[in-house]
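To keep things clear, I will list the structure first and then write my remarks on it.
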């Protein structure tokens, strides 16, 4: 399964529990040739807004590797007492936001 497929399934599942925002990060080229930088280096793919808390979710495939900047971002969010982690499945994402089934 592609990372995009995993991410879309997670977005759908989490939308039943709060607000899910896809965070586009990187440098993008506009149709007229301009470069636009979005987001913070290492910022997680998804921002989840729950009832009184937020969670940062980095989506990876089963064999996907996390970059140092991504792990540093997750660690920083955890140090700030936010929920954060790597999700390779819907179940992983639900655990990050604190939903158990």
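Take residue 24 and decide whether it is in a loop (DSSP other than H, G, I, E, B), loosely packed, with under 13 Cβ neighbours inside 10 Å and on the phi > 0 side of the Ramachandran plot.
For residue 24, the condition - in a loop (DSSP other than H, G, I, E, B), loosely packed, with under 13 Cβ neighbours inside 10 Å and on the phi > 0 side of the Ramachandran plot - is not met.
Which is buried (at least 18 other Cβ atoms within 10 Å of the Cβ), modelled with pLDDT of 95 or more, touching a strand residue (DSSP E or B) at 6+ places or on another chain (Cβ under 7 Å) and over 14 Å from residue 24 (Cα atoms), of 96, 49?
96
Looking only at the range 1-11, which residues are under 13 Å from the mean Cα position of the chain (by Cα) and modelled with pLDDT of 95 or more?
6, 7, 8, 9, 10, 11
Looking only at the range 52-91, count how many residues are touching a strand residue (DSSP E or B) at 6+ places or on another chain (Cβ under 9 Å), surrounded by 15 or more Cβ atoms within 10 Å (Cβ to Cβ) and in contact (Cβ under 8 Å) with a residue 60 or more places away in the chain.
So the count comes out to 2.
Among the candidates 48, 28, which residue alone is within 24 Å of residue 5 (Cβ to Cβ) and in contact with a helix residue (DSSP H, G or I) (Cβ under 8 Å, 6 or more places away or on another chain)?
Residue meeting the stated conditions: 48.
So which of 40, 14 ends up being under 13 Å from the mean Cα position of the chain (by Cα) and surrounded by 15 or more Cβ atoms within 10 Å (Cβ to Cβ)?
14
The values are calculated or read from the model by the stated rules, or taken from the named source; none is laboratory data. Note that the structure is a prediction, hence the values are computed from the model and not measured. No Cβ is skipped: glycine too gets one built from the backbone with ideal geometry, and neighbour counts run over all protein chains shown.
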